[in-house]
Structures are given as structure tokens and as C-alpha cells.
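A short worksheet on the structure shown next.
The values are calculated or read from the model by the stated rules, or taken from the named source; none is laboratory data. What you are looking at is a predicted structure, and each value in this text was computed from that prediction instead of being measured. Quick reminder, even Gly has a Cβ in these numbers, built from the backbone with ideal geometry, and neighbours come from all protein chains shown.
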Amino acid sequence: MATQRLQYERPLIQRVNTGILNKFGTRTEYAPFTHIDGVSVKSLISEFGSPLFVLSEKNIREKYQEANRAFKTRYPKVQFAWSYKTNYINAVCNIFHQEGSWAEVVSGFEYQKALKNGVPGNKIIFNGPDKTDEEITLAIQNKSPLHIDHLDELYRVTEIATELNIRPEVAIRVNMDTGIYPMWDRFGFNYENGQAWDAINKIILSDKLELTGLHCHIGTFMLSPSAYAVAASKMSDLAIGVLQKHNIKIKYIDMGGGFASRNTLKGAYLQGVDTSPSFDQFAEAICTAILNAGFHKDDLPLLILETGRALVDEAGYLLGSVISNKRLSDGRRATIMDFGVNVLFTAFWYDHKITPAQEFSHYTEDTVMYGPLCMNIDVVRETCTLPPLKKGDHVVVHTVGAYNMTQWMQFISLRPPVILIDRNGKPQIIRKRETIQSIEMEEILPAQLKDFKL
């Protein structure tokens, strides 16, 4: 029996940012991080307090332009739609809208924010499995594309559209096997087992809805551009099949989001800066797959991208101060900060890069970094190699622009302010620090509970 020959792959030399090993581990920092876009970290903390989030408008715009260029140089029809769930602070959303991005939302709350920000209804993509009748009605009336997640939603959208006597534009969400496991098959209709075609046929043959798009979102923090190539090929196959079977042209293919930022996942051997693919790599995989799928030139669909994390993560910093140091029972150094996992939710996913904001010694030590919360899981970094930090010293946590300002919670400590450094280097408050008044604003105290004696 003949032995199958393996395909030759040329050797590749890649620069790896591991730092230099010392007896306490890998050291990656040699200088303090003292300024963000030319603004002093110390001055920011002095003016706005500690902790606080800082976002760079310059970085956001440059990232968007980099991603936009990567796709538009490879495909003739490209449109980005800003993922509101990634960061829905209005100032952030409007930066993306100024750059030309539509809105992509997954809840009625986000939909209302997009409308209030001035986004035209037909440029708000409404995703998500939990749309109420009121939200579906509003979206139909505003001519927003509805992305249908399951059959119950399909039937309800059909009923509401019939009652309104409006034929809305819809898409279906498709899940599929892309070679990445576990599969994201909780959302949408499966490609392999025929669910997607079942939904497509129901929509087209009922003639109550207009099928204009196909949508997929194959995962989160994806490190494999080839998985997107597989997904784009299968989405294109569906679109071409719809044209051949029903003589209906799919106007757009929405490839969702999921591109990795340069954060480092917990347990990763290499840093995220070495393992996260570039926008060019994702664009090459997706655009090539669609262009080679067999579309006629006049039938090429619009390519929509809902990139969130990879566009805003690196623009965000969390500035904080040291509360105290102590030794754990096993001898490790523990440093307690004035911010915790209640505002840095992504600490559960990533080993965030943390840099002192003042000069430090060459001596470093294996350190556990805790937050101030009265709970044992409040661990900002389980282990990191840092110089000794004393009470009142400041640190900068990097790459925190995605999800922290939408998944944070008020627990034990109030949420910090968010500062945007504009393109002129001017810090501006875009979300105030919480106060006891803002927390209690929604509370109602019954009359019989107002008085007591102790």
C-alpha cells in the first residue's frame, strides 16, 4: 500500500515577544507606561480619580481604517456594522458611525440607543434570539433588517408583518461546521442538516417576508482565518442555491464578528500579539472564498462585517492605584488594587498586560494581583512578573476597550468614569463616575419601611 505524501510547507521564522527569562519568570516590560496619546497617566488620575477607563479616539479610528482598507482592497462591496454589545457608550458608537459604520444590535435596548444616536433604521441590523413583539414591530416600521434566529421567531415576525401589512427585509442566521470545536450551533439554523434550507423555503414560499441576507457568527476570539473561509464558502453556496432554486438574489452576506484582539487568553503559551491574525489575514480568507464561490459579477453580494472586539479592545486602558501589599501563605507576593473584576470582567478570560505608570527597579517578582472586592474570585491576574509596587503607585491595564464597559456591574464599589482622549490630545468625560444618587435613582422605598428604631 502506497504511503500518502505530506504536502510540503516552507519553513517560517516568526518574531515572538516572549521577553527575557529571569529567576522569577518572563519579563516583558522595561519602561513605565506614563502617557496615553501624549497625556500623562498621573495627570489623568489626578484630574478624574482612580480607577478610571481611558479610550483613545485616535486608536479607534486607525483600527477601523485598517480593517476597512484590508477588506475593501480585496472585495468590491464591503460594509462594517458596529457591534453595540462590545461597547455601547454613545461617544464610542458615534466614532464608528462617523467613519461610515452601520449599527448591529442584539437587544431592544441597543436598538433604541442606535436610533437615538441618529442611525437610520435601514442601517441598523437587528440580531439576537430574544426580540419582543414591540421590538419586532418597531424594527419593521423603521425598515431595519431583522436577522431571524429560530422558527418561533420566524412565525411571529410573519404574523406581525401580516398585521402591519408590511413586507420587511429579513435574513436568517446560519450555523455550520467550520472545523472549530465546540461548534457554535446554539444560534440560528444549521447548514449541514438542512435547517437553513427549511427556513429559507418557509420565508420565500410564504411571500410575507423578503429574504435579503444570510448571516453567520461562527465564534468568538477566533484565531483561525481558515474557519472563516469555510463559513464564507458555505454561505456563498446557500446564496447561489437561492438564486438557482428561487430566482432570488441575496443582497448581502453578513459574516458576523469574532475576530481576535491582541489580548492573551488565559493558559496561552504565547502572547496574543504573536497569535492573533491580522485584518489582512481574515480579509484574505473571507474575500477569496466568496470571490471563488461562483457568483456572476452582477450577483456579488454586499459583504457585511460586525467586527467589535478587534476594533476597540486595544484603544482601551484601565488606570488604577495600589491599595496595599501582603504575603500569601505560600510566600507569594500579593498586590491589592482599587479596581476588581466587577469593572474588569475580561480578567476572567485574559491575562491582561499590566504596566507600572512610574519608574521601577530591575528587580521583579512573581505577583498575584487582586481587586478590592470582598470575594475570593476577585483576581485581576493569577500570576504576573512585576517590580515591587508600593501603596499609591499607579498601574495601566492594557487592551480593555471591549466588553468591560458593557458587562461591568455595580458591586461593592461604584463604577469608574470613562475618559476619551480626542484626536487633539484633550481628555473628555464620556461617562461620569457613578454616585450613590445614580445608583438609588431607580429604587422605591415603601412608606412603612421608612422609619425604624435601633
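Are any residues in the range 314-338 out of contact with any Lys or Arg (no Cβ under 9 Å at 6 or more places or on another chain) and in contact (Cβ under 8 Å) with a residue 24 or more places away in the chain, and if so, which ones?
G316, Y317, L318, L319, G320, L328, R332, M337, D338
Give me a count of the residues in the range 347-366 that are touching a strand residue (DSSP E or B) at 6+ places or on another chain (Cβ under 8 Å), farther than 17 Å from G401 by Cβ and among the small types (G, A, S).
1
Of everything in the range 298-330, what is in the same structural domain as H398 (by TED's automatic domain parsing), surrounded by fewer than 18 Cβ atoms within 10 Å (Cβ to Cβ) and in contact with a strand residue (DSSP E or B) (Cβ under 8 Å, 6 or more places away or on another chain)? Give them in sequence order.
Of everything in the range 298-330, those that are in the same structural domain as H398 (by TED's automatic domain parsing), surrounded by fewer than 18 Cβ atoms within 10 Å (Cβ to Cβ) and in contact with a strand residue (DSSP E or B) (Cβ under 8 Å, 6 or more places away or on another chain) turn out to be I323, S324, N325, K326, R327, L328.
Assess whether R69 counts as being modelled with pLDDT of 95 or more, more than 18 Å from the chain's Cα centre (by Cα) and either among the charged types (D, E, K, R) or crowded, with 21+ Cβ neighbours inside 10 Å (or both).
Answer is yes for this residue.
For A114, are the conditions met, namely being farther than 27 Å from K249 by Cα, assigned by TED's automatic domain parsing to the domain that holds S236 and hydrophobic (A, V, I, L, M, F, W, C)?
yes
Consider E47 against the criteria (1) within 26 Å of C287 (Cβ to Cβ); (2) among the charged types (D, E, K, R); (3) in contact (Cβ under 8 Å) with a residue 12 or more places away in the chain: it satisfies all of them except one. Which criterion is unmet?
That leaves (1) as the condition not met.
Give the range 85-116 a look and list any residue that's crowded, with 18+ Cβ neighbours inside 10 Å, free of Cβ contacts under 8 Å to residues at least 40 places away in the same chain and part of a loop (DSSP other than H, G, I, E, B), or say none.
S101, V106, S107
Going through V368, V341, V400 one at a time, which residue ends up being in contact (Cβ under 8 Å) with a residue 60 or more places away in the chain, aliphatic (A, V, I, L, M), in contact with a Leu (Cβ under 8 Å, 6 or more places away or on another chain) and in the same structural domain as D37 (by TED's automatic domain parsing)?
The match here is V400.
Find the residue count for the range 190-232, including only residues that are among the hydroxyl-bearing types (S, T, Y), under 29 Å from R167 (Cα atoms) and within 28 Å of the chain's Cα centre (by Cα).
Selection size over the range 190-232: 2.
With (1) within 30 Å of V170 (Cα to Cα); (2) part of a loop (DSSP other than H, G, I, E, B); (3) touching a helix residue (DSSP H, G or I) at 6+ places or on another chain (Cβ under 8 Å) as the list, and A310 as the residue in question, which single condition is left unmet?
The single condition A310 does not satisfy is (2).
Go over the candidates R381, R415 one by one and state the one that is in contact (Cβ under 8 Å) with a residue 12 or more places away in the chain, among the basic types (K, R) and in contact with a helix residue (DSSP H, G or I) (Cβ under 8 Å, 6 or more places away or on another chain).
Matching residue, one of R381, R415: R381.
Could you go through the range 224-239 and let me know if any residue there is at pLDDT 95 or above, in a helix (DSSP H, G or I) and over 20 Å from F71 (Cβ atoms).
The answer is yes; a qualifying residue exists.
Does the range 73-94 hold any residues that are farther than 20 Å from F53 by Cα and under 16 Å from the mean Cα position of the chain (by Cα), and which are they?
F80, A81, W82
Within the range 393-410, does at least one residue satisfy the condition of being under 25 Å from F348 (Cα atoms) and over 30 Å from the mean Cα position of the chain (by Cα)?
yes
Show me the strands (runs of 3 or more DSSP E) found entirely inside the range 125-219 where at least 2 residues are among the polar types (S, T, N, Q), buried (at least 16 other Cβ atoms within 10 Å of the Cβ) and at positive phi. Don't jump to the end; show me each part of the working.
Numbers: elements: 146-148, 169-175, 210-215.
Qualifying strands (runs of 3 or more DSSP E): none found.
Cβ-Cβ under 8 Å, sequence separation 6+ or interchain: first residue in the range 60-81 and without any contact (Cβ under 8 Å) to a residue 12 or more places away in the chain and over 20 Å from V105 (Cα atoms), partner buried (at least 17 other Cβ atoms within 10 Å of the Cβ) and of a type in the set (V, I, T). Which pairs?
K72/V78
Please find, within the range 250-296, the residue that is nearest to F126 (Cα to Cα) out of those that are charged (D, E, K, R) and part of a loop (DSSP other than H, G, I, E, B).
K251
Just name the residue that is surrounded by the fewest Cβ atoms within 10 Å (Cβ to Cβ) out of those in the range 331-385 that are part of a loop (DSSP other than H, G, I, E, B) and acidic (D, E).
Per the criteria, the residue is E359.
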